[in-house]
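Shown below is the structure under consideration.
The values are calculated or read from the model by the stated rules, or taken from the named source; none is laboratory data. Keep in mind that this is a model prediction, so the values were computed, not measured. FYI the Cβ positions are ideal-geometry reconstructions off the backbone, even for glycines, and counts take in every protein chain you see.
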Amino acid sequence: MVKANDNYLKLPGSYLFSTIGKKVREYSEAHPESKIIRLGIGDVTQPIAPAILEAMHKAVDEMGVRETFKGYAPDLGYEFLRSTIAKNDYQARGCDISADEIFVSDGAKCDCSNIQEIFSLDNKIAVCDPVYPVYVDSNVMAGRAGDYDATTEKWSDVIYMPCTAANNFAPELPKETPDLIYLCFPNNPTGSTITKAQLQEWVDYANKVGAIILYDAAYEAYISEADVPHTIYECEGARTCAIEFRSFSKNAGFTGVRLGFTVIPKELKAGDVQLHGLWARRHGTKYNGAPYIIQRAGEAVYTEAGKAQLKEQVAYYMKNAKVIYDGLKGAGFTVSGGVNAPYIWLKTPNNMTSWEFFDALLEKVNVVGTPGSGFGPSGEGYFRLTAFGTYENTVEAVERIKKINL
Ligand code: MLT
């Protein structure tokens, strides 16, 4: 008899943003007159920048001409994009990363959930708590997380690194030694960051204990402070202990276009196995490459016009972040994040649980956010708002929240 993968059956509930989407849909159907403002999932609202659109149009036209038509893309990405990324995101920052260490994909979510496949099931993972749920769920699906305890809301084989107000939402080195350490900075969901000196401590620790850091830098475009690292490869020794994930979703509005990449330095090893070769093998077998049109769009992100237009787009969202941060702080909420990240993390008022506050916001003022507890047990009593809405909706949402009668 055919059997389903038991690991999937261990997953409690559905994916966080699917649960929220369902709740909002149900509320909206029951109250069709309500004008709901969505500041839940970190989905962008500004259209694709003109320089990028132009590149996409040109690439579309090329596909209609025999001489310039493209079939399968190279597994690991077109050379024009890989070398543009290496030059702009790494070499320009003094980081020693070459084009052939970059693997182009259709987004960071897929890469950071698929990467665990090239590691043994015996490896122990460490995650921040709260955390982007994809890191944990993908390890559960693989059978690496152990069993779920509904009381503690923790998996038995996962090391949790609490990120709370007490440690400024920055994880401390774990007591138990992990094999794989997931870090995300600027952080989703708390919007916190760590300095280059703090990240260097993680790199030194990983090299010392023989762990690998899986570094998600999807929000690096939102960094505004000088001592916050844009990539883990700014740290000495990162080439022997770190894989980095990057996305075009948040810096260029590609949540629907889909493009990302993963960096695996050639020195990086698990035991005596080179991981670059292993990921290339996996990529080549399971993936046919991001579409040519989209990779040309990605290349346009790095043109002078593209950079200027995207700087404005990031500034637009960061103006929203300030509206949320200042507005809620002024109204007496305890808020953090929003300075180097498009997420604002707030303490729920009156000791409400995260989901109680979610329901109150949805039902009383028609604003959607994300319950902190959905990201892990240390997120309980917190709530995430995204700066990716339109400016008008953001201003309106903050006004509504300020007036909420709890
Ligand atoms: C989020 O809201 O946390 C993100 O949009 C999710 C993602 O990027 O996959």
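Which is acidic (Asp, Glu), within 28 Å of PRO291 (Cα to Cα) and surrounded by 16 or more Cβ atoms within 10 Å (Cβ to Cβ), of ASP129, ASP179, ASP111?
The unique qualifying residue is ASP111.
Within segment 178-193, is there a residue that is among the hydroxyl-bearing types (Ser, Thr, Tyr) and over 30 Å from ALA315 (Cβ atoms)? Explain how you work it out, then say what you get.
Here is the first cut: in segment 178-193, the residues among the hydroxyl-bearing types (Ser, Thr, Tyr) are 182, 190, 192-193.
Now restrict to residues that are over 30 Å from ALA315 (Cβ atoms): none.
So far as segment 178-193 goes, no, none of its residues is among the hydroxyl-bearing types (Ser, Thr, Tyr) and over 30 Å from ALA315 (Cβ atoms).
Can you spot a residue in segment 231-243 that is more than 26 Å from GLY143 (Cα to Cα) and within 16 Å of the ligand (Cβ to nearest atom)?
Within segment 231-243, not a single residue is more than 26 Å from GLY143 (Cα to Cα) and within 16 Å of the ligand (Cβ to nearest atom).
Next up: For segment 109-141, what are the residues that are of a type in the set (Ser, Thr, Tyr), assigned to a loop (DSSP other than H, G, I, E, B) and within 14 Å of the ligand (Cβ to nearest atom)?
TYR132
What's the number of the condition TYR90 fails, among (1) more than 30 Å from GLY372 (Cα to Cα); (2) within 16 Å of the ligand (Cβ to nearest atom)?
(2)
Looking at segment 366-399 only, could you name the residues that are assigned to a loop (DSSP other than H, G, I, E, B), closer than 15 Å to LEU16 by Cβ and either outside the structural domain of TYR27 (by TED's automatic domain parsing) or within 12 Å of the ligand (Cβ to nearest atom) (or both)?
GLY369
Have a look at THR231, THR240 and point out the one that is closer than 24 Å to GLY298 by Cα, hydroxyl-bearing (Ser, Thr, Tyr) and surrounded by fewer than 23 Cβ atoms within 10 Å (Cβ to Cβ). Walk me through how you get there before you give the answer.
Details: THR240 fails: closer than 24 Å to GLY298 by Cα.
On inspection, the qualifying residue turns out to be THR231.
If you check every pair at least six apart or on different chains, which have Cβ atoms under 9 Å apart with a residue in segment 1-26 that is without any contact (Cβ under 8 Å) to a residue 12 or more places away in the chain first and a residue that is of a type in the set (Val, Ile, Thr) and outside any loop (DSSP other than H, G, I, E, B) second?
From residues that are without any contact (Cβ under 8 Å) to a residue 12 or more places away in the chain, the pairs are GLY13/THR19.
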